[in-house]
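Beneath this line is the structure, given in structure tokens, with notes to follow.
The values are calculated or read from the model by the stated rules, or taken from the named source; none is laboratory data. All of these numbers come straight from a predicted model, not from anything done at the bench. Every residue, glycine among them, receives a Cβ derived from its backbone with ideal geometry; neighbour counts consider all protein chains shown. For the accessible areas, the whole protein counts, side chains as well, though only heavy atoms, and no ligand, DNA or RNA atoms are used. Shrake-Rupley method; radii C 1.70, N 1.55, O 1.52, S 1.80 Å.
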Amino acid sequence: MHGDLLRDVAFWRFLLDLDRELAQSARKDGCLCGGHLHAGNYFRNPRGGPDDLPKECCLRLSLCCGREGCRKRLTPPSVRFLGPKVYLLPVIFLAAAMRQGPSPRAMRELSTLFGADRRTIARWQVLWQEHFPQTRFWKVERARLPHPNEALLLPRALVVAFFTSHNPRDDWERLLRFLSPITIAGGLTVAIGR
Ligand SMILES: [Zn+2]
């Protein structure tokens, strides 16, 4: 399922461009206090990407309010970083998705492919299968899914919904844009009540 793309540096540059777009749009909105937002980017040490991932692709785009007395940090949604998680979002998604379906991949194979140990990959499965379905995001946004199939488990249901074209990069873009709201602080908050 398009795992090769994740080892391609050009793909990560493409995702960085999408993040720049998301940051630009958040910047236009400005701070809640009315102040202007400035770039407050910082480097992270993400795992799971290609060995030759350029330094710039490790940049978490972030914004800071320039107004004296506020200086609030605003971290916009991302298509690459899932909150504070060390592994990159597409990796966290793909490894869990590859455990499902008609020919699930062995833990050992995935562990070699993404450089994550079994316990970490098992935690990603729990994240998508048990935690994510309970989030406020999913309860609202599932209605917007193209080609919904309620019978399928997550995250495979998202694979079926988004990986529909002959262009894997487009498919990834649509999936990751859809998921980007869960990457900010509070984005994985579990819905209260139903
Ligand atoms: Zn402010």
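With 0.36 nm allotted per residue and the present C-alpha distance subtracted, the residue 177-residue 165 stretch has 2.7 nm of extension available.
Using a Gaussian network for the chain with springs between C-alpha atoms less than 10 Å apart, which of these wobbles most: 47, 99, 142? Per the Cα network of the chain with a 10 Å cutoff, 142 tops the list.
Extending 7 Å from the Cα toward the beta-carbon at both residue 86 and residue 150 defines two label points whose distance is 4.0 nm. For a quick check of your reading of the filter: which GluC sites (Glu not before Pro) in region 101-194 sit in a DSSP loop and have no more than 12 other Cβ atoms within 10 Å? Answer in residue order: 150. Taking a sphere under 14 Å around the Cβ of residue 160 and counting the other residues whose Cβ falls inside, with K and R at +1 and D and E at -1, yields a net charge of +1. Using θ = phi - 60° in the Karplus curve 6.51 cos²θ - 1.76 cosθ + 1.60, the 3J(HN,Hα) couplings for region 78-85 round to 9, 9, 10, 10, 9, x, x, 5 Hz; x is entered for Gly and Pro.
Can you tell me the length gained on complete extension of the stretch residue 142 to residue 117, counting 0.36 nm per residue apart and subtracting the Cα distance?
Working: separation 25, 0.36 × 25 = 9.00 nm, distance 3.04 nm.
Length difference between fully extended and current span is 6.0 nm.
Output the relative contact order of the chain, whole-number percent, from Cα pairs under 8 angstrom with separation of 6+ residues.
Numbers: 252 pairs, mean separation 40.2, N = 194.
Computed over the chain, the figure is 21 percent.
Expressed as a whole percent, the accessible surface of region 9-59 that belongs to carbon and sulfur atoms is 47, based on a 1.4 Å probe.
In Å², and per residue, what accessible area does the chain have when probed at 1.4 Å with the other protein chains present? Walk me through the numbers before you get to the answer.
On the way: 10500 Å² over 194 residues.
Ligands and nucleic acids excluded, the figure is 54 Å² per residue.
Here's how it looks for residue 74: its modeled amide H is under 5 Å from those of 63, 64, 65, which are all 5 or more places away or on a different chain. The accessible surface of region 92-194, taken with every protein chain in place and a 1.4 Å probe, is 52 percent carbon and sulfur. For region 139-186 and region 1-51, what is the separation of their C-alpha centers, rounded to whole Å? Result: 19 Å between the Cα centres.
Here the chain is described by how far its Cα atoms reach on the three principal axes: 56, 44, 33 Å, from widest to narrowest. If R0 equals 35 Å, the separation of the Cβ atoms of residue 126 and residue 24 corresponds to a calculated FRET efficiency of about 0.55.
What separates the Cα centres of region 74-107 and region 113-132 is a distance of 8 Å.
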